[in-house]
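The numbers here are math on the coordinates, done by the rules we state, and not lab data. Keep in mind that what you see is a predicted model, and the values were worked out from it rather than measured. Positions of Cβ are backbone-derived with ideal geometry, glycine not excepted, and every protein chain shown enters the neighbour counts.
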Amino acid sequence: MTTSTITVQSGARSTVEKWARVLGPSTAALAAGLGVSFNMVLLPALRSQVNLPTAHRLALLRAAYTLAVQPLASLSGLSTLSYLLAAFLSPPSKRGKYFLAAALVASVFPVSYGLQLPTNKRIGAREEQLAKGKGIMEGGEQRKVDAEGERLLERWTGTHALRVALILAGMVLGLGDATGAV
């Protein structure tokens, strides 16, 4: 009876480990896909709208980011937890890669709070200034393009690309280990 109990527990552990190994890279792939769509579709579209005032483009970025932040954080968190679970349940020889994959995906959070959040706050402040008409008069005429706003868009794009790269690196590492390729 003890032997069958150990076998069931071992089988359940193996099943949970397999699911964790699949869920880690899968959720990282979804998070990365969301991030890549921002960098490859939305941001170039915002930058190409030269006839649209910078204030409007900043407002569109904030609106889109507000919609995407929850899924991106949730998927990154689930991926991190899945990698950690896989690391704890895997044989010692495989743990390092899962811990590293978890660390890469989890590093999205300090990057978000350390780099992205201050940029988001500056974008919000600049958007308010532009909406009130501050800093957009040049020679008595209203400018459509605001240099500071454009720099903030560029900075946001760069820090977001860093977050996506970290998620992708964690995904590739975890996927490679899950398939035995790495």
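Multiplying the residue separation of Ala147 and Ser93 by 0.36 nm and removing their Cα-Cα distance gives an extension gain of 14.2 nm. Between Ala103 and Leu52, the FRET efficiency from the beta-carbon distance, with R0 = 45 Å, is close to 0.70. Using the Cβ-Cβ distance between Lys18 and Ala63 with R0 = 41 Å, the FRET efficiency computed as 1/(1 + (r/R0)^6) comes to roughly 0.55.
The length gained on full extension between Glu154 and Asn39, counted as 0.36 nm times the residue separation minus their Cα-Cα distance, comes to 40.3 nm.
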